[in-house]
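Here is the structure we will look at, set down as C-alpha cells.
The values are calculated or read from the model by the stated rules, or taken from the named source; none is laboratory data. Since the structure is predicted, the reported quantities are computational estimates derived from the model, not experimental observations. As a convention, Cβ positions derive from the backbone with ideal geometry for all residues, glycine included, and neighbour counts pool all protein chains shown. Ligands, DNA and RNA are excluded from the accessible area calculation, which covers all protein heavy atoms including side chains. Shrake-Rupley method; radii C 1.70, N 1.55, O 1.52, S 1.80 Å.
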Amino acid sequence: SDSGYNAWLSYPVLPHGSLYDQYVKWCGTVKVTEENETIQAALQEWRQGIESMLDIKVSSESEGLCIAIGTFQGGNAVIRSVFAEDTIAKVGSEGFAIRTRAEAGCIAIGGSTPAGVLHGVFHLLRLIGSLSPIEQLDEVVNPVNGLRMINHWDNVDGSVERGYAGRSFFYENNRIVDDLERIRDYARLMSSAGINAISINNVNVHEWETLFISPAYLPDVSRIAGVFRVYGIRLFLSVNFAGPMHEGELETADPLDPGVRQWWKNKAAEIYEAIPDFGGFVVKADSENRPGPFTYGRDHADGANMLAEALESFGGIVIWRCFVYNCKQDWRDRKTDRARAAYDHFKPLDGKFNDNVILQIKNGPMDFQVREPVSPLFGALERTNQVIEFQIAQEYTGQQRHVCYLVPQWKEVMEFNTHAKGETSLVKHIVDGSLWGNRYSGIAAVSNVGNNKNWTGHLLAQANLYGFGRLAWNPDLSAEEIASEWISLTFGTDPVVSGTISRILLDSWNIYESYTAPLGVGWMINPEHHYGPNVDGYEYSQWGTYHYADHQGIGVDRTVQTGTGYSAQYIGSNAEHYDSLEDCPDELLLFFHHVPYTHVLHSGKTVIQHIYDAHFEGAERAAELLTMWSGLKERLTEDLYVQVEDRLQEQAGHAKEWRDQINSYFYRKSGIEDINMRSIY
Ligand code: GCW
C-alpha cells in the first residue's frame, strides 16, 4: 500500500454494478485537442483516475461515447457544439461547465481557462469516486471564494513551525529541494481540493528566508512556482518587513522613506521578471516581535500600502495579517485584553488600505483555540478587503495525534451572523466579498502537511486539508458531505467503512473540546510546544492568555460594566447576548464571564459539575473512537488500519491525562465533590 501518500487521489477500485457499467460506457475514451500544460495535466489525471478506479485502459483513438475536455476557445469542436453561449458566459475564470450530451455522444467539460478545465476533470473524477450517476450532468460550477489559500509555516532549514507531520518537503539544509516530484503531487492534491494560492514560507521570516526575494533564492523559488502554475496555483512569499536593511543596503525600513519605497519597487520588478504570475506578499508585521511600521511611528496602512504600491502594476497583492497584540503583557494588569487587540488596531484603519491590500484575520480573537467566539473584526471593516484565516495544523487541537475534524468548527464560524449590514450578514458573505463588494476576498489557512509519508501524520487529519479546500471552494457544502467525499476518495465506497469513519470525524471536535479547557476559556496547555494539559501553563505569563481560576470561580470578565469591554466590539444583539450572563451561550461562558463554580448553565448543570461530567465523558468517548476503528480491521489495508489505530491509542491514553489533571485541579481549587463520586485525585 502507499501508506496514505496518494490521499484523496488514491482512486480506489470501484465495485461492479450498474454505476460501474455506466462509467465504463462513457469514460474509456477521451478527446483532447490542446497542448497546454494544464490541459495535459488534466488528461494525465483523467487517465490515472479512470484506469485505477475502473481498471480499464483509457484511449484517445476509439470511436463511441467519450469524455471531451478543453477550453471553449481551444478549438475542440465537440466542446463548442455542446455548450450554448449563455452557458459559456456563466463560466468564470476558474470554473467549468459539464454536460452529458447523448446526441453528441459525449460528456463535455469546458472551461474559459485551462485551470477551469482541470477543476472540471477533478470534479468528474470525484463524482465517479463517490458513486454518483453521470448520465444527466448539466451544470456550471464556479468557486465561491476568489482567494483559496494555503499558508506554509516552513523554514528553509527544513523545520516547520507548528508542523506535526515531519519536516518540510520544500526545503532541506537552507536550500530548496532539487527533486520536485513530491511538490508536484502536493500541487495535484491542492488543486483537486480547489486551492489556488500557496505561500511557501513561514510568516516568521528568518534570516535566510528574507533572501527568498533576492537572486540567491529567486531562481529556485521560480522552479516551485512553475510546478504550481501547471495546477492553477499562484505562489506567494512571506516577506520580512525589515528586508531593505537585511541586504545591507539601507539603514531604515520606514515605509514613508523614499529610498525604502524604491527598494521594494525594484524588488517587485526582479520578482516578476523571475515569476510573471507571482501572487504577492504575506506579511506578519509588528506581531510577536516581528519588525513592522510601528518602529518608525507609522501605522499598518502605511506599511501595507507601501508594499501594495510596489506590486500593483504587476497585478500582485499584499496579504497583511491582523494577528497583532501585546505579547509582553503583565499578567497583573486586568485591563489589557488580548482578545480586543486585532479590532482595536485595525478598525480605526478601515478604508485606509490600498485596493490591492487584503487583511488576513484569524477566525477568533485569540489564537485557534478549540472554542472561541468569531473575531469581531468580521463585520467591523466595511471598506477593506479581507480574508479569514483558519489553522488546519492542529496546534491547539491535538497536534495531529488526536483526531479533530475541524470542518464543523469552520462551518460554524462561516455561518455566524455579524449583523453588520442588515439582518443577515453572515461571515461567509463577508469572506466571499459579496456583502461589501470587495475587489479581493477569500479564505486562507495554515497548512498541516510535512514530509511524513501520509502528508499529515495522522491519516484522518487529511480530512481537514481536503475539507478546507472544498469549503473554500463552496462554503455551502456540509461537514457531512465533505467527510463522506473524503472517505470514498481515500478508502473506497464500502458503506461500513464510510459510516464508521464519518462518525469518528463528526464526533471528534466535540470530544476533543470536552476533555480539554472548559466552556470556551481556552489554553491550559504546556507552554511553547502547546501539547498536553497544564492548567496554569499560561496563567502567569506575558501572552495574555488567562483563566483566572481561584477557589470560588473561573473565567474572564469581558463585559462592559465590570470587565474589559470586549463584548462591545460585536454588533447589536451579538454584543448584548455575549455581555449578558443569562444569554451568553454555555460553550462560551468562561470566555465572556467570570462566574462561581456553582453558577448554573443553560444545560441545568453547575459549572463545576459540567467540568467533571464533560471530562469523564470526553475521555470515555475518546476510548470509544478506538473501539469503533477496531471494527474496520478486516476492511482496510493493514498499513492504513495500523497507523490510525496507533494514534487513537495514544489519544485514548492522553485524554485520561487531560481528564484527571483538569478534574483534579478544579476539585482541589473548589473543594466541591463530583455528585457521582467518580475518581478525582
Ligand atoms: O498560533 C501562534 C503560533 C505561532 C505563530 C503565530 C502566528 C507563526 O503559536 O507559532 O507564528 O500564531 O500566527 O503568527
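Quick notes on this one:
- Looking only at residues of region 386-414 that are aromatic (Phe, Trp, Tyr) and in a loop (DSSP other than H, G, I, E, B), we find that the one that is farthest from residue 455 (Cα to Cα) is 396.
- Taking the numbered list (1) surrounded by 20 or more Cβ atoms within 10 Å (Cβ to Cβ); (2) in a loop (DSSP other than H, G, I, E, B); (3) within 15 Å of the ligand (Cβ to nearest atom) in turn, residue 373 passes all entries but (3).
- Listed by first and then second residue, the pairs with beta-carbon distance under 7 Å, at least 6 apart or on different chains, first residue in region 119-139 and within 14 Å of residue 23 (Cβ to Cβ), second open to solvent by 40 Å² or more (accessible area, probe 1.4 Å) and assigned to a strand (DSSP E or B), are 137/99.
- Only one of the listed residues (121, 140, 117) is in contact with a Lys or Arg (Cβ under 7 Å, 6 or more places away or on another chain), modelled with pLDDT of 95 or more and under 21 Å from residue 473 (Cβ atoms). That residue is 140.
- Residue match in region 47-60 (condition: crowded, with 19+ Cβ neighbours inside 10 Å, closer than 14 Å to residue 118 by Cα and under 33 Å from the mean Cα position of the chain (by Cα)): yes
- Within region 157-183, the set of residues being touching a residue at least 12 places away in the same chain (Cβ under 8 Å), more than 20 Å from the chain's Cα centre (by Cα) and within 21 Å of residue 218 (Cβ to Cβ) comprises 157, 158, 171, 172, 173, 174, 175, 176, 180.
- Residue in region 328-346 that is within 16 Å of the ligand (Cβ to nearest atom), more than 24 Å from residue 199 (Cβ to Cβ), in contact with a Gly (Cβ under 7 Å, 6 or more places away or on another chain) and of a type in the set (D, E, K, R) present: yes
- Scanning region 377-412 for residues that are open to solvent by 10 Å² or more (accessible area, probe 1.4 Å), away from the ligand (no atom under 16 Å from the Cβ), more than 20 Å from residue 533 (Cβ to Cβ) and in contact (Cβ under 8 Å) with a residue 12 or more places away in the chain yields 382, 383, 385, 408, 411.
- Note on region 444-461: among residues that are β-branched (Val, Ile, Thr) and either modelled with pLDDT under 95 or within 16 Å of the ligand (Cβ to nearest atom) (or both), the one that is surrounded by the most Cβ atoms within 10 Å (Cβ to Cβ) is 449.
- With respect to the conditions (1) touching a Leu at 6+ places or on another chain (Cβ under 8 Å); (2) of a type outside the set (Asp, Glu); (3) open to solvent by 10 Å² or more (accessible area, probe 1.4 Å), residue 424 lacks only one, and its number is (1).
- Residue 219 being open to solvent by 10 Å² or more (accessible area, probe 1.4 Å) and assigned to a loop (DSSP other than H, G, I, E, B): no
- All of 578, 515, 566 fail the test of being away from the ligand (no atom under 16 Å from the Cβ), open to solvent by less than 10 Å² (accessible area, probe 1.4 Å), in contact with a helix residue (DSSP H, G or I) (Cβ under 6 Å, 6 or more places away or on another chain) and under 25 Å from residue 332 (Cα atoms), apart from 566.
- Out of 508, 498, 502, one residue alone is within 23 Å of the chain's Cα centre (by Cα) and open to solvent by 20 Å² or more (accessible area, probe 1.4 Å). It is 502.
- Of the criteria (1) buried (at least 20 other Cβ atoms within 10 Å of the Cβ); (2) away from the ligand (no atom under 14 Å from the Cβ); (3) more than 21 Å from the chain's Cα centre (by Cα); (4) within 30 Å of residue 564 (Cβ to Cβ), which one residue 358 fails: (3)
- Tallying residues that are within 20 Å of residue 354 (Cα to Cα), within 16 Å of the ligand (Cβ to nearest atom) and outside any helix (DSSP H, G or I) within region 250-306 yields 7.
- Filtering region 23-40 to residues that are loosely packed, with under 15 Cβ neighbours inside 10 Å and touching a residue at least 40 places away in the same chain (Cβ under 8 Å) leaves 25, 37.
- Qualifying residue in region 667-679 (condition: crowded, with 17+ Cβ neighbours inside 10 Å and under 29 Å from the mean Cα position of the chain (by Cα)): no
- Scanning region 160-187 for residues that are closer than 28 Å to residue 146 by Cα, touching an Asp or Glu at 6+ places or on another chain (Cβ under 7 Å) and not in a loop (DSSP other than H, G, I, E, B) turns up just one, 160.
- Selection over region 148-176 of residues that are open to solvent by 20 Å² or more (accessible area, probe 1.4 Å) and away from the ligand (no atom under 14 Å from the Cβ) gives a count of 7.
- Of all residues making up region 123-132, the number that are crowded, with 22+ Cβ neighbours inside 10 Å and either in contact with a helix residue (DSSP H, G or I) (Cβ under 6 Å, 6 or more places away or on another chain) or not in a helix (DSSP H, G or I) (or both): 3
Yes or no, residue by residue, for (1) under 30 Å from residue 182 (Cβ atoms); (2) part of a loop (DSSP other than H, G, I, E, B):
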{"residue": "3", "(1), (2)": "yes, yes"}
{"residue": "26", "(1), (2)": "no, no"}
{"residue": "41", "(1), (2)": "yes, no"}
{"residue": "53", "(1), (2)": "yes, no"}
{"residue": "62", "(1), (2)": "no, yes"}
